[in-house]
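These notes are about the structure you will find just below.
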Ligand SMILES: [Zn+2]
């Protein structure tokens, strides 16, 4: 884990104005990017060579230290043509929960998003959120982590995978309810960019 901490520090220090602009366009301000310890893989650590130039997204524990890391390509191209996905994980990493600190910080309501950036947006507007990346990321051992909240809101993308995600989590977790986004909303980030916190609150109320 010391190596992952060192990588996190190095990548944070390598954030470029271009990366800041891309994050800002997704509703993530500089202070939030710092809080989540986002960075840029300018000089890859061993095992990260494939992610050169990618955004680094550390999976922090509740004290802010990285347990794992994911990577997002910052190029606007067809990622498949370059032999990678838009999001990439470390080799042989188990599926982890992003932003578990939210579980410690949340009062009696917790939010679950499908993607890291969507959870950052929810956190920013005062809805403590974890993310289970990829609609297929939910596994039954996550149930225990989110038990004990009086309400758990599950934000799924308005597509088939999103419905499946909501279905899976709400079946597994008592007190979990799905927040249905409309096709016109897009995902959490897109809805926030269009309608701000008011739009998110309205969907949370089921409007
Ligand atoms: Zn790419």
With N set to the residue count of segment 82-137, report its C-alpha Rg divided by 2.2 N^0.38 Å to two decimal places. 1.24
hull vol. (C-alpha, convex hull) per residue for the chain, Å³ -> 122
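I need the peptides 22-33, 146-157 ranked by packing, meaning the mean over residues of other C-beta atoms within 10 angstrom, with the highest value on top.
Final packing ranking: 146-157, 22-33.
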Expected 222 nm ellipticity per residue - DSSP helices of 4 or more, -39500 (n - 2.57), all of the chain, to 500: -10500 deg cm²/dmol
Fraction of antiparallel bridges per DSSP, the chain only, in percent to nearest 5: 50
What do you get for the angle between helix 188-204 and the principal long axis of the chain? Use alpha-carbon atoms, 0 to 90 degrees, nearest ten. 30
At 7 Å along the Cα-to-beta-carbon direction for both residue 174 and residue 80, put a label point, then send me their distance in nm to one decimal. 4.4
Can you give me the relative contact order of segment 23-129 as a percent, contacts being Cα pairs under 8 Å and 6 or more apart? 20
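Under 8 Å for C-alpha pairs, at least 6 residues apart: give me the relative contact order for the chain, rounded to a whole percent.
Values: 360 pairs, mean separation 28.6, N = 207.
Result for the chain is 14 percent.
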Between segment 156-207 and segment 87-147, how many Å separate their Cα centres? 14
Tilt of helix 2-13 relative to the longest C-alpha principal axis of the chain, in degrees (0 to 90, nearest 10)? 90
With only alpha-carbon pairs counted, each pair once and no self-pairs, how large is the Kirkwood hydrodynamic radius of segment 101-204 in angstroms? 13.3
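Since every read-out is calculated from the coordinates, none of them should be taken as a lab result. These numbers come from a predicted model, not from an experiment. Using ideal geometry, Cβ is built from the backbone for each residue, glycine included, and neighbour counts are taken over all protein chains shown.
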